[in-house]
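Reviewing the structure listed below.
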Amino acid sequence: MRPLSRRPSWPAALVAITLGLVAMSAALAWQASPATNELGQFRMYFDVIEEMNLPTWWAASLLLTGSLACLAVAWLSGRRGGRVRWSVLAALVALLSLDEATVLHERLDRIVLPWLSPEDFPYLWVVPGSVLGTGVVVCVVRLVRTAPRSARRRLILGLVLLLGSAVGGELVQGWLVEAGLLDWPFVLSYHLEEAGETLGAVGLLVGAVSMFDVERGPSGVRVGLRAVVPPSVGVRGEADDHLPGVPSA
């Protein structure tokens, strides 16, 4: 068996598409802030501040693909514990995709409405959202503790970038709205937020895909998983055992 040549160009392509969508939105938004001007149909389809448009579809698709990649890792895993961990991770990433497509996080403000009002802060969802996001990060760190170092790093950094951009970006935007800075500072802040979120989704996808070990042999292409860290070792060491592969049909 010999490993197939790795093609690192596809992550770069995902990053380029992401930055291209953000740049197109920024070019449109720089003409006039969406906080002070009506948006036409063309701009609503491309502006990253809107929901259910092309940038939203792109980000949700990246997360859904990342979820499917995690599910494939779970299926290939030869250990019951690994299968459960990666299945849970796949479910979490799928929920992130659902949230991106349906804006579930915006409904978290109901939790704090008995104590706070939009007059106190425009984006109340960030209060429970920051607590929930911290819990998700801690959970994912535990779930991927047996993954190879490179995959583990990409998965964790991708998730932190995604959730940190979402919560941090809307905190900044809330302060800008309260200060009445609705022109270029507001435009810059929400574009940085959306760029960070979508690049985080790219990181999650790349981290999940980097778990795969693809080799070509006389009998065809064999897909397995890269070496994992035994649970007894934890995140401080690497193992040199490979999980069983699945020959292609």
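For the reader, a short list of remarks on this structure follows.
- Whenever a residue of region 20-48 is over 18 Å from Leu176 (Cβ atoms), its partners that are of a type in the set (Lys, Arg) and crowded, with 17+ Cβ neighbours inside 10 Å, lying with C-beta atoms within less than 6 angstrom and at least six residues away or across chains, give the pairs Leu28/Arg43.
- Count of region 73-88 residues, restricted to those that are buried (at least 16 other Cβ atoms within 10 Å of the Cβ), in contact (Cβ under 8 Å) with a residue 60 or more places away in the chain and not basic (Lys, Arg), is 4.
- Contact map, region 98-126: first residue surrounded by 11 or more Cβ atoms within 10 Å (Cβ to Cβ), second residue among the aromatic types (Phe, Trp, Tyr), Cβ cut-off under 7 Å, separation 6 or more or different chains; pairs are His105/Trp125; Glu106/Trp125; Leu108/Trp125; Asp109/Trp125.
- Output for region 44-71, where each listed residue is among the β-branched types (Val, Ile, Thr) and under 17 Å from the mean Cα position of the chain (by Cα): Val48, Thr56, Thr65
- Residue within region 93-104 that is aliphatic (A, V, I, L, M), within 16 Å of Leu171 (Cα to Cα) and touching a helix residue (DSSP H, G or I) at 6+ places or on another chain (Cβ under 6 Å) present: no
- Applying the criterion of at least 2 residues that are within 22 Å of Ala147 (Cβ to Cβ), modelled with pLDDT under 90 and in contact with a Ser or Thr (Cβ under 6 Å, 6 or more places away or on another chain) to the helices (runs of 4 or more DSSP H) found wholly in region 1-105 leaves an empty list.
- Against the conditions (1) modelled with pLDDT of 95 or more; (2) more than 30 Å from Leu181 (Cα to Cα), Arg145 satisfies every one except (1).
- Candidate set from region 55-72 (those that are in contact with a Phe, Trp or Tyr (Cβ under 9 Å, 6 or more places away or on another chain) and either under 26 Å from Ala16 (Cβ atoms) or not aliphatic (A, V, I, L, M) (or both)); member that is surrounded by the most Cβ atoms within 10 Å (Cβ to Cβ): Cys70
- Checking Leu188, Leu205 one by one, the residue that is of a type in the set (A, V, I, L, M), surrounded by fewer than 20 Cβ atoms within 10 Å (Cβ to Cβ) and either closer than 21 Å to Leu64 by Cβ or over 17 Å from the mean Cα position of the chain (by Cα) (or both) is Leu188 and no other.
The values are calculated or read from the model by the stated rules, or taken from the named source; none is laboratory data. Owing to the predicted nature of the structure, the values given are computational and were not obtained by experimental measurement. Using ideal geometry, Cβ is built from the backbone for each residue, glycine included, and neighbour counts are taken over all protein chains shown.
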